[in-house]
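Asker: Handing you this structure, nothing more for now.
All of the numbers you see were taken from the coordinates with simple rules; none came from a lab. Predicted model only: the values in this text are computed from it and were never measured. FYI the Cβ positions are ideal-geometry reconstructions off the backbone, even for glycines, and counts take in every protein chain you see.
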Amino acid sequence: MVTPHDNQPRRALLLTGASRGIGHATVKRFSAAGWRVITCSRQPFPENCPWEMGPEDHIQLDLADPASTLAAIGEIKQRLDNGLLHALVNNAAISPKADEGKRLTAIATNLDVWQQVFKVNFFAPIMLARGLLDELKAAQGAVVNVTSIAGSRVHPFAGAAYATSKAALAALTREMAADFGPLGIRVNAIAPGEIDTTILSPGTEEIVAHQIPMHRLGTPDEVAKIIYVLCTEMSSYVNGAEIHINGGQHV
């Protein structure tokens, strides 16, 4: 961990989708390391969250609404100390389900759902990164896009819109790495598999038993640790990578 000197502002992280699971673990990981964490989500600030200045550094917005996202970018710029953003983690995502929680197929997904999913999962990340480009450049910061194992294989629970949005985000990560890299901004992705959160689907235990060599779920903190590494000097020459965090499920 690099601790800022007393006369320097704390490192700042902007995190979307912070209220639960991987996002919540990421907040705790960075906060414990002394970072200032600015969070964005559809929900108001949850009172049981542990980080200092949490309520003051939470922005409630709907990433499915481009106008709301643009307005939030302006507010974020005003909140940043000396115009520095050291890390942007695009974690927020939506994964609509069919009746009884079943997978939404490419045939069954209507256009409105496709559009909503892509607005949150794909367009919001590039809007935020472009909108905060100067602040990331000034800090020589890092961007981490959260993709998914469903972006590279058909998953029994992830719908077609979700999966294709994550595949697009993986491709966008490569493009951003090429375009942002010359500005001193590294852009990488993590692709989690089955992580022990409240949104696991029934039947996950079969995947754990038969498809994951480690025969267990991952934990949100195990994902947050890799996000932290990708945002610090420990990964100073890593750019354009997509890190699989799935216990070997993809092999």
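Asker: Computed FRET efficiency, Cβ-Cβ of ASP112 and ASP134, R0 30 Å: what is it to the nearest 0.05?
Answerer: 0.30
Asker: Pairs of Cα atoms under 8 Å, at least six residues apart: use those to get the relative contact order of the chain, whole percent.
Answerer: Relative CO of the chain lands at 19 percent.
Asker: On to the next question. Using only Cα atoms, find the angle between the long axis of helix 220-230 and the longest principal axis of the chain, and express it within 0 to 90 degrees, rounded to the nearest 10.
Answerer: Once rounded, the angle reads 50 degrees.
Asker: Right, another one. Scan around ILE59 for amide H atoms under 5 Å from its own, H built in the peptide plane at 1.01 Å from N, and keep only partners 5 or more places away or cross-chain.
Answerer: Under 5 Å from the amide H of ILE59 lie the amide H atoms of THR39, CYS40, SER41, each far enough along the sequence or on another chain.
Asker: What is the extension gain from GLU205 to ASP62, computed as 0.36 nm multiplied by their sequence separation minus the C-alpha to C-alpha distance, in nm to one decimal?
Answerer: 48.2 nm
Asker: What is the helix-to-structure angle for 66-79, meaning the angle in degrees between its Cα long axis and the longest Cα principal axis of the chain, kept from 0 to 90 and rounded to the nearest 10?
Answerer: 30
Asker: How much mean residue ellipticity at 222 nm does the chain get from its helices, if each DSSP H run of length 4 or more adds -39500 (n - 2.57) and you divide by all residues, to the nearest 500 deg cm²/dmol? If you can, show how the numbers build up before the last one.
Answerer: On the way: 8 runs with 89 residues, N = 251.
Using -39500 (n - 2.57) per qualifying helix, the result is -11000 deg cm²/dmol.
Asker: Using +1 at the C-beta of Lys and Arg and -1 at the C-beta of Asp and Glu, which of GLN43, VAL27, ASN239 has the Cα lying farthest in the positive direction of the dipole of the chain?
Answerer: ASN239
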